[in-house]
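Scroll down for the structure; my scribbles are underneath it.
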Amino acid sequence: MRGVGGHERIAQLLEGGTLRIEGRRDGDRLSLAVENPCDPDHPPGLGSENGEGVGLANVAARLELRYRRSARLEVKNPPGRFRVEITLPAENS
């Protein structure tokens, strides 16, 4: 299974792992997060070869086109984990 962060794959970890997806609405904001384990000996960094590949770059570009500066994408690396958080305006449909 390919998780967030590009090259790190949950299936390649000997202990496996869980892909966690979170979402919540807080007033006029929507927060989404995707988190998965990563190899602690080779943690993803910030750069096209270390975590922010084409997929995350595409998401960031689409957020910018749709929401301008009202949306935010953050990459976090807690120990042994890779997490992407997106915050954007909540829309009523």
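The values are calculated or read from the model by the stated rules, or taken from the named source; none is laboratory data. Not measured: the values here are computed from a predicted model. Backbone-built Cβ (ideal geometry, glycine too); neighbour counts: all protein chains shown.
Key figures
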quantity	calculated
For residue 84: the one exception among (1) surrounded by fewer than 17 Cβ atoms within 10 Å (Cβ to Cβ); (2) hydrophobic (A, V, I, L, M, F, W, C); (3) at pLDDT 70 or above	(1)
Scope region 38-81; condition of a type in the set (Gly, Ala, Ser) and modelled with pLDDT of 85 or more; matching residues	57, 60, 61, 70, 71
